Amino acid sequence: MLDKRDAYQDGSIWYYAPNKGAPIAFAILFAASGFMHRLILIPSKYKSWTVTGLLPWSALLFTVGFILRTIGAFGQWDNVPIYISSTVFLLAGPPVYEGVNFFILGRILYYIPYLSPIHPGRVFSTFVAMGVVIESLTANGAALVANTNATKSRKEVGEALLKAALILQICLMAGFVSLAVRFHYNCCRAGLLNKRLKRVLTVLYISCMLITTRTIYRTEEYFTVTQVHVWADPDKVAPLIKDEWFFWFFEAVFMYSNTTMLNIFHPMQSLPRSNKIYLARDGVTEVEGPGYKDPRPFISTLLDPFDIIGLIFNRGRQEKYWEADGVVLNGGKEIKPGCHV
């Protein structure tokens, strides 16, 4: 087996000999973060399974990915199944964090439904539907690219799938952030951007920035590599591939920063636990209403989240229960300012 740890290691799938200590450390850190989300934040303190219930799952994906990378670092540099499994798990984690952000924005829009550019309940279903497609492309592409025993044509298919998935992930995030910014702008114009909203929106923006930066790194990485794991001339290999610190900084550090931020500045610190509670137009009073419902069939809400057809034909409009400014239709009751139920 390989003994000397140089920049380039003959026979190593990673090009280099992977660092042994870093994957152990990050496996422990992500496991601890997932434990905090699962046993402390979600069930007892904020009871927010419907908003941040995916956080333990994403932390688990990273934990497993780093455990597998640890196994590979200890002498298994040429172990194809270990490399493939580690790559797939690590690539699958960030899209799950994106899913958490979709839930968070949806809950924010429920809080001020009359300024929402889209039905709040459609944020998750619409963006996750597109995210599932991207996730499947990522998993299949990563498996084909990482498999050194695959034929050249299958590798090319894997590269194409992975590149397409990474580009689509950036486009998806751009669309998502645009939606959040539009809502932010609406709140500013209406004078309803209070400290709590600013805080949760800031957390959302930082999370999106961390995930997008990591995705850009991954996209550049896979566009840089023309023939994966074929190091005919190591001197010509791009630093992005042969220098391991890029991975630890843009992948591990960025994603751990994201999960830690969501632990410390949990979104439900600033939002009501029920999506029926909204902020009245006076900007102070919180009111429990009947909830923001969409009478259309699910497939219609998925394909037309902005209800463009309804706008064109003037039908299926949402009941504007918030127009009562504290006196809600259908027997809704007023809640003291700042009270969470």
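The values are calculated or read from the model by the stated rules, or taken from the named source; none is laboratory data. Keep in mind that what you see is a predicted model, and the values were worked out from it rather than measured. We place every Cβ from the backbone using ideal geometry, glycine too, and count neighbours over all the protein chains shown.
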Single unsatisfied condition, residue 40 versus (1) buried (at least 23 other Cβ atoms within 10 Å of the Cβ); (2) without any contact (Cβ under 8 Å) to a residue 60 or more places away in the chain: (1)
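Looking only at region 163-189, which residues are touching a residue at least 60 places away in the same chain (Cβ under 8 Å) and either aromatic (Phe, Trp, Tyr) or more than 20 Å from residue 222 (Cα to Cα) (or both)? Show your work before the answer.
Filtering region 163-189 for residues touching a residue at least 60 places away in the same chain (Cβ under 8 Å) gives 163, 169, 172-173, 176, 179-180, 182-183, 186-187.
Once the filter is applied, which keeps residues that are touching a residue at least 60 places away in the same chain (Cβ under 8 Å) and either aromatic (Phe, Trp, Tyr) or more than 20 Å from residue 222 (Cα to Cα) (or both), region 163-189 yields 176, 179, 180, 182, 183, 186, 187.
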From 159, 135, residue being in contact with a helix residue (DSSP H, G or I) (Cβ under 7 Å, 6 or more places away or on another chain), among the acidic types (Asp, Glu), buried (at least 19 other Cβ atoms within 10 Å of the Cβ) and over 28 Å from residue 104 (Cα atoms): 159
Failed condition for residue 174, given (1) in a helix (DSSP H, G or I); (2) surrounded by 18 or more Cβ atoms within 10 Å (Cβ to Cβ): (2)
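The rows are residues; the columns are (1) among the aliphatic types (A, V, I, L, M); (2) more than 17 Å from the chain's Cα centre (by Cα); (3) within 18 Å of residue 209 (Cα to Cα).
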position: 107; (1), (2), (3): no, no, no
position: 111; (1), (2), (3): no, yes, no
position: 125; (1), (2), (3): no, no, no
position: 145; (1), (2), (3): yes, yes, no
position: 150; (1), (2), (3): yes, yes, no
position: 156; (1), (2), (3): no, yes, no
Criterion (farther than 22 Å from residue 280 by Cα and modelled with pLDDT under 85) met by exactly one of 141, 175, 99: 141
